[in-house]
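Scroll down for the structure; my scribbles are underneath it.
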Amino acid sequence: MLPPPRPTPSGSTHPDDAIRSTDDDAAASRLSAVSLGYLDDPFVSLLYRPQRIGRDSSAAHKPPLINVGTHHRTAALDAVVDSFLRASASSPQSAQIVSLGAGSDTRFWRLAARNDVRLGKYVEVDFPHLTSVKAQRIAKSKVLVAALGQGEPVGTGAIVPPAKPYKVGHGGASLTSERYALLPIDLRTPGALDQIGALLDPDAPTLVISECVFCYMEPEASRDVLAWFGSRFENVASVVYEMCGLNDAFGAVMKRNLAARNLSLPGAVPFPTPQSQAERFLDPRLGEGVFTKSGAKRLWEIRSDVVSDAERARISKLEFLDEIEELRLVLSHYVVAWGSKGPLLDGVGL
Ligand SMILES: C[S@@+](CC[C@H](N)C(=O)[O-])C[C@H]1O[C@@H](n2cnc3c(N)ncnc32)[C@H](O)[C@@H]1O
């Protein structure tokens, strides 16, 4: 658990501090899952450093239920991204991905490590407080920088990356390169999304990822974001990872715990079920035909439908977890939902 938001020198706290601190939760969970062998991700420790590191590294480990949830959430989002890249393969344009509220996410580097030629541009956005730190961490890491430029082939067939394949701007809060951009944007600011649009090809297949972000925004604000992307691109898909079922007893505890940290979930309450999350993409208030197909699955269904038997068996050996009913309860309160438009991306989803 994180401490409450720190007061600024003037003694006040910004209402968004608590929202920004949620990246620490996501990144710390990822680090825990990686260090225990649930996930393979060499980039996590390059992009995230826990605020307090004790001598005992097990102090950074999350409970098994959280590690399993992080594994399944990552597997689900990875599966949607893969289905998007597969569907984009027949487009003459390279696929492009936008990650909203990306925080310390590592997905761009995991994809770059696969040398997937179908992926063109990858754009991440978050508040400047987070993008500044991320831009610094990227610039300081040879491993992270190496993924930013395409590099030049030399006579031996080897690829030599350019010396400094990126530019830093916005007083250190943005970092842009040929393949990757990190932009300081508050998604609630009218017109802010045009900065993202300026970097993207309107004709290219586009995937918009929003992983645990819309729940912290008013539903009208996330609707505007989805409407903007859905109406700007011909072939577009979007995937969201969100909490659901907050109106039951378990949900009440979740809300109470978050409220103790000054966090509320205005964007989760109106979408209590997977079906309502799927329907958000078809909401007529987005505009006509902005998205034309959608679906959703709870993390509990993803456990059996997306995670393979072999992978489930593998992770079941990592830690002792006998509370299967508790696992079902937790995983049933998280949902992955997706929407798409255009025949090219018809099959994107789980
Ligand atoms: C729970 S974290 C998730 C981070 C990342 N998507 C992941 O799954 O690892 C939520 C992120 O959304 C960002 N965020 C929330 N509201 C935002 C807004 N209005 N504009 C930009 N970023 C926002 C937060 O700063 C934070 O980094």
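Some notes on this structure:
- Restricting VAL239, VAL269, VAL253 to residues that are buried (at least 23 other Cβ atoms within 10 Å of the Cβ) and β-branched (Val, Ile, Thr) narrows the list to VAL239.
- Restricting segment 182-206 to residues that are crowded, with 23+ Cβ neighbours inside 10 Å and away from the ligand (no atom under 14 Å from the Cβ), the residue that is nearest to ALA139 (Cα to Cα) is THR206.
- Annotation note: Cβ proximity below 8 Å between a residue of segment 13-34 that is within 13 Å of ASP186 (Cβ to Cβ) and a residue that is more than 10 Å from the ligand (Cβ to nearest atom) and open to solvent by 30 Å² or more (accessible area, probe 1.4 Å) (sequence gap 6+ or interchain) occurs for HIS14/PRO5; HIS14/THR8; PRO15/ASN262.
- Unique residue being open to solvent by less than 10 Å² (accessible area, probe 1.4 Å), modelled with pLDDT of 95 or more and outside any helix (DSSP H, G or I) when the list is VAL125, VAL81: VAL125
- Against the list (1) farther than 29 Å from LEU350 by Cα; (2) more than 14 Å from the ligand (Cβ to nearest atom), the condition PHE233 fails is (1).
- Considering residues of segment 1-37 that are at pLDDT 95 or above and more than 15 Å from the ligand (Cβ to nearest atom) only, the residue farthest from ALA313 (Cα to Cα): SER35
- PHE320, sole failed condition from (1) within 25 Å of VAL34 (Cβ to Cβ); (2) at pLDDT 95 or above; (3) of a type in the set (Phe, Trp, Tyr): (2)
- In segment 98-119, the residue that is farthest from the ligand (Cβ to nearest atom) out of those that are open to solvent by 20 Å² or more (accessible area, probe 1.4 Å) and more than 17 Å from VAL145 (Cβ to Cβ) is VAL117.
- Segment 208-234, subset within 21 Å of the chain's Cα centre (by Cα) and part of a loop (DSSP other than H, G, I, E, B), residue surrounded by the fewest Cβ atoms within 10 Å (Cβ to Cβ): GLU218
- Residues of segment 262-294 that are within 19 Å of the chain's Cα centre (by Cα) and either closer than 18 Å to LYS341 by Cα or not in a loop (DSSP other than H, G, I, E, B) (or both): PRO274, GLN277, ALA278, ARG280, PHE281, SER294.
- Unmet criterion (only one of (1) in a loop (DSSP other than H, G, I, E, B); (2) touching a strand residue (DSSP E or B) at 6+ places or on another chain (Cβ under 7 Å)) for ALA237: (1)
- Some residue of segment 282-290 being basic (Lys, Arg) and touching a residue at least 12 places away in the same chain (Cβ under 8 Å): yes
- Among the residues making up segment 65-78, a single one is away from the ligand (no atom under 14 Å from the Cβ) and surrounded by fewer than 20 Cβ atoms within 10 Å (Cβ to Cβ): LEU65.
The values are calculated or read from the model by the stated rules, or taken from the named source; none is laboratory data. From a predicted model like this one, the values you see are computed outputs, not experimental measurements. Glycine also receives a Cβ, built like all others from the backbone with ideal geometry; neighbour counts cover every protein chain displayed. Protein only, heavy atoms only, side chains kept; ligands, DNA and RNA dropped before computing areas. Shrake-Rupley method; radii C 1.70, N 1.55, O 1.52, S 1.80 Å.
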